[in-house]
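Here the structure is laid out as C-alpha cells; the discussion comes afterwards.
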Amino acid sequence: MRVLRRTLGTLLALGALGVCVSCTPARGDAGPDDGRPGGPRPAALGPYERLVPAPASARADGPGYLFGAGTVIRTGADASEEVRRVGELLAEQLRGPSGLPLPVVDGQDGDGIRLLLDGAAEGTGEEGYRLRTDPTGITLTARTPTGLFHAGQTLRQLLPVRGTGTVPGGTVTDAPRFAYRGAMVDVARHFFPLEQVERYVDQLARYKVNTLHVHLTDDQGWRLAVDSWPKLAEYGGGSEVGGGPGGHWTKEEYRELVAYAAERYVDVVPEIDMPGHVNAAQASYAELNCDGKAPERYTGIKVGFSSLCVGDELTYRFIDEVLGELAELTPGKYLHIGGDEAHSTPAADYAAFMDRAQQVVARHGKTVVAWHQLATARPAPGAVLQYWGHDRTAAAEKAAVVAAGKAGHPVILSPADRAYLDMKYDATTKPGLAWAGYVPVERSYSWDPGSYLAGLPESAVLGVEAPLWTETIANRGDWELMAFPRVLGLAELGWSPKSALGWDGYARRLAAQGPRLDAQDIAYHRAPDVPWGE
Ligand code: ACM
C-alpha cells in the first residue's frame, strides 16, 4: 500500500504540474449553446473522459488507432502462460461486440493491441497499468498480469459498444486507491445458481472490483456441500425465504466459481456466519442446539434468533471441520466468519466464541474477516473488520471500530446507507428493504472512504465493499436492478483517486455507461438524477 500511495502521490503531483489528472470536465463544462430549453447541451465526453472507474491519469493526444479487421492481440514472444491467458480472455471479451476474429499472436513487433509485462512500469503498482494509443496500436503495460487484465478492461471502454472504430491517441496511467474492492452476494436468503454469480463476476471485473464475498450460510439456507457434515447442504440447503426449494453448490461448483473469478483477478471470500444466523445448520443437526432439539427450517426474514451452543465442545469441532474444508477450497487469504447480529448469544459468550473461531481460522492458515461487531469483542491480531453501520449507528459502536482500526485492524467499509445494494432507491423501488433509508444513486456514490468514519485514518481503510442481501431478491432481474448502477459508483470509490471523485462528473460518466449496460442486457435502475442518453 505504501508503494501505491507513493505512486498516487506522483500522479497527483503531475496533476499539479498541469497534466490532466482524470480528465473529466468540471461542472459547467459545456458545448455550444444549441438554444434548447434548459441551457446548452454539455459537450459529449471523449473516450478517455468517460471511463469508470475514473483512472488516476488520462489524456487524449494525437492521432489514434483503427481497431478493425486487421487487429491482432500480441502477447510477446516470451510471454508467460498467464499473460497469454490474459490476452486470450481479452480477445474473447472483444470478439463478441466487435465481430472481429482478433487472433492472439506471439511477438510484439507489428501493429495491434500489445500486452507487455514490464517490471519497471512506473506509476502502476501491483494492480495498475499504463495504456498508450497511437496509430500503430494500443499498448498495455503493467508490472503484473493483474495490471494487464485491468488495462484490458479499460480498453473495452475505449472501444465502441459494438463494431469497430478508431480509438483516439492517448495515455492512461492508473493504479487503485484501495487494495480491497469488493461486492458481496447473499446466496443464503435466496439460492442462486452458479451461472448468475459468474455473470456478476464478469460484470464486476469490468469495473476493477477484485473481491467477491459470498455469504454462504444463514438462518434460511446452507449453500455449500461439506463432506464432514453432509446434512448441512442436503437438508439445510433445501429452504429459502418465501418457501422456495433453495439449493446448494457442490464443492466442484464452488471450485469452478473460484477458478472463474481468479481468471478475472477476483478473489472469493467465503462467509460462514456464526455464532448467529445458524438456523439452517441447527435444523440439519439437532446436536448443534443446546437443548438437543432441531428447529424447523426457516423461511422468514427475521434476524437474531439463532445461536450456536457456545458452551459445547461439539460446536468447536463443527466449526473446525467446516472451516477446514472451506479453507482447503479457497486459495485466497480470507475466511469471513460473520459475527453480526448475534442477539441470542450473551456478550461474554459471544466474545468467548469469537476467540475460539478466530483461532480455528488461524489454524487453517487464513486471515479472519468479520462484521464490525467483532470490534466489541477481542479481534485477533490482523483480523479485518467490515463496517456496515449507517448515519444513525451509535457513536460508541463507531468508536469501537475506529479504535480497532487505529490499533491495526484493517477496515472494509460497507456503510448500509451507502453501500448496501438491497436498500431501495426510493419509495417506488419494488424489491429491496429500507431499514437504513432509501439509497439513491447519488447518495450511494457521494462519500469519501478515506474520511468516512471520523477519526479512522485512510491508512486503516482496506477498501470498500457493496453487499447485496437477498431477502427480497429472488431472480436475476431484481438482482441487477438493485446492483446497477450503484455498484459502478462503489467500484469507483474503491479504485479512483480522491481528486477524481465528484457527483457531477461521475453522473455524466455513468450516463455514458448506459449503452454498455444495455449491451449486457442489464435492466438497470434509470436513476432520474443521471443524464442518461445525453
Ligand atoms: C448485516 O447486514 N447483518 C451484516
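Below, the figures for the structure above:
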read-out: Meets criteria (under 19 Å from the mean Cα position of the chain (by Cα) and either at pLDDT below 95 or open to solvent by 20 Å² or more (accessible area, probe 1.4 Å) (or both)) for GLU126; value: yes
read-out: Residues that are surrounded by fewer than 21 Cβ atoms within 10 Å (Cβ to Cβ) and out of contact with any Asp or Glu (no Cβ under 6 Å at 6 or more places or on another chain), drawn from region 441-450; value: ARG443, SER446, TRP447, ASP448
read-out: Single unsatisfied condition, LEU140 versus (1) of a type outside the set (D, E, K, R); (2) assigned to a strand (DSSP E or B); (3) within 24 Å of TYR260 (Cβ to Cβ); (4) open to solvent by 20 Å² or more (accessible area, probe 1.4 Å); value: (4)
read-out: Qualifying residue in region 426-434 (condition: within 16 Å of the ligand (Cβ to nearest atom), surrounded by fewer than 19 Cβ atoms within 10 Å (Cβ to Cβ) and polar (S, T, N, Q)); value: no
read-out: Answer residue from region 339-359, given it is out of contact with any helix residue (DSSP H, G or I) (no Cβ under 9 Å at 6 or more places or on another chain) and within 15 Å of the ligand (Cβ to nearest atom) and is most open to solvent (accessible area, probe 1.4 Å) among those; value: HIS343
read-out: Checklist (1) more than 16 Å from the ligand (Cβ to nearest atom); (2) of a type outside the set (Gly, Ala, Ser); (3) touching a residue at least 40 places away in the same chain (Cβ under 8 Å) applied to VAL369, failing item; value: (1)
read-out: Region 372-382, subset surrounded by fewer than 24 Cβ atoms within 10 Å (Cβ to Cβ) and over 23 Å from GLY311 (Cα atoms), residue nearest to the ligand (Cβ to nearest atom); value: GLY382
read-out: Region 472-500 - residue that is out of contact with any Gly (no Cβ under 9 Å at 6 or more places or on another chain) and acidic (Asp, Glu) and, of those, nearest to ASP518 (Cα to Cα); value: GLU480
read-out: Matching helices (runs of 4 or more DSSP H) fully within region 210-321 where at least 1 residues are in contact (Cβ under 8 Å) with a residue 60 or more places away in the chain and within 16 Å of the ligand (Cβ to nearest atom); value: 279-284
read-out: Residue that is surrounded by the most Cβ atoms within 10 Å (Cβ to Cβ) [pool: residues in region 454-485 that are within 24 Å of PRO410 (Cβ to Cβ) and within 16 Å of the ligand (Cβ to nearest atom)]; value: VAL464
read-out: Unmet criterion (only one of (1) more than 24 Å from the chain's Cα centre (by Cα); (2) within 12 Å of the ligand (Cβ to nearest atom)) for ALA395; value: (2)
read-out: Flag if LYS231 is of a type in the set (Lys, Arg) and open to solvent by less than 10 Å² (accessible area, probe 1.4 Å); value: no
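Table: residues versus (1) at pLDDT 95 or above; (2) of a type in the set (S, T, N, Q); (3) in a helix (DSSP H, G or I).
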{"position": "ALA454", "(1), (2), (3)": "yes, no, no"}
{"position": "VAL464", "(1), (2), (3)": "yes, no, no"}
{"position": "PRO467", "(1), (2), (3)": "yes, no, no"}
{"position": "THR472", "(1), (2), (3)": "yes, yes, no"}
{"position": "GLU480", "(1), (2), (3)": "yes, no, yes"}
{"position": "VAL487", "(1), (2), (3)": "yes, no, yes"}
{"position": "LEU490", "(1), (2), (3)": "yes, no, yes"}
{"position": "PRO515", "(1), (2), (3)": "yes, no, yes"}
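The values are calculated or read from the model by the stated rules, or taken from the named source; none is laboratory data. The model shown is predicted, which means the values in this text are computed figures rather than measured ones. Here Cβ is always computed from backbone atoms with ideal geometry, including for glycine, and neighbour counts include all displayed protein chains. Side chains included, ligands, DNA and RNA excluded: accessible areas come from the protein's heavy atoms. Shrake-Rupley method; radii C 1.70, N 1.55, O 1.52, S 1.80 Å.
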